[in-house]
Amino acid sequence: MALIALAADKGSPGVTTTALALAAVWPRRALLAETDPAGGDLVYRSRAAHGGMLDPNVGVLSLAAAARRGLAAEQLWEHAQPLAGGLDVLVGLGGSEQAAGLTGLWPVLGEVFSMLGQAPNGAADVIADCGRISGDSPSLGLFQHAALVLLVARTEAEHLARVRDRAGALSAKLHGSQRGAGALGYPPIGVLLVADPGQSARIAAQANEMLVASQISARVVGTVAHDPAGADMLTGRRRGRLDKSLLIRSARQIAADVPNRYGVFR
């Protein structure tokens, strides 16, 4: 089992929605971790299994306090809360002010996340929502322990250009400066495009051609359907057949493809 880190370069392309959807349909047990240093969103968007609000003080903040005293992977569950629907989540920070208290702890958390897959009790994959990243984002400390990094982007020209540049910079940071050697880099970097379903195949092919031409060690993994109604159903703000939504159907395809393509279950 593995740590899968999701992030974006700029704006709000839908990282949290994508991470939530993937975790909800992941083929094995999953723990969704909100690791955006700017703060988490689920405490405002989603309901706990008991029908009330999620506790903002139980999650990454309480986990970070425990990590200073040493932390075993199984202890992650002590800081997790179940969402309505059963998915376990580590609620994110309340804001960027709290991130200062986690200085130096991000690599520690990344290591513990990656070890949860081998935990004798309660093993699971961790899907980490890292939010927006830049060259000095503290959450980059997680990436060195990830089995796969997925960059989420929309399909407008400026967003594609930005994800290309971010993938290149991230590859240089994680894999070294050699270009065109993506197959050898670890962790691998993939791109998820949030797209209208009717245009997804064409845009994904164009984006892949752009990455290849730029000799960047990243490839488009798949497309997540731009589906506001499905996103509202996912967080409980709208009734409907969530399993039939375009969002969940596209997330299922990605969740099926990623383990086979990248071998993250080995």
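Just so you know, all these numbers are worked out from the coordinates, no wet-lab data involved. Keep in mind it's a predicted model, so treat the numbers as computed, not measured. A quick note on method: Cβ atoms are made from the backbone with ideal geometry, for glycine too, and the neighbour counts reach across all protein chains shown.
Points worth noting:
- Residues that are of a type outside the set (Gly, Ala, Ser), more than 19 Å from Phe143 (Cα to Cα), surrounded by fewer than 22 Cβ atoms within 10 Å (Cβ to Cβ) and touching a strand residue (DSSP E or B) at 6+ places or on another chain (Cβ under 7 Å) do occur in the stretch 88-104, at least one of them.
- Restricting attention to the stretch 239-266, the residues that are surrounded by fewer than 14 Cβ atoms within 10 Å (Cβ to Cβ) and closer than 25 Å to Tyr44 by Cα add up to 5.
- Contact annotation: no residue pair with Cβ atoms under 8 Å, 6 or more positions apart or on different chains, pairs a residue in the stretch 155-173 that is at positive phi and in contact (Cβ under 8 Å) with a residue 40 or more places away in the chain with a partner that is in a helix (DSSP H, G or I) and of a type outside the set (Ser, Thr, Tyr).
- Extreme residue, nearest to Ala153 (Cα to Cα), among residues of the stretch 231-249 that are in contact (Cβ under 8 Å) with a residue 60 or more places away in the chain and not aliphatic (A, V, I, L, M): Thr235
- Conditions (1) more than 25 Å from Ala64 (Cβ to Cβ); (2) in contact (Cβ under 8 Å) with a residue 24 or more places away in the chain: number failed by Gly176: (2)
- One residue from Leu63, Leu31, Leu76 being within 13 Å of Ala124 (Cβ to Cβ), part of a helix (DSSP H, G or I) and touching a residue at least 24 places away in the same chain (Cβ under 8 Å): Leu76
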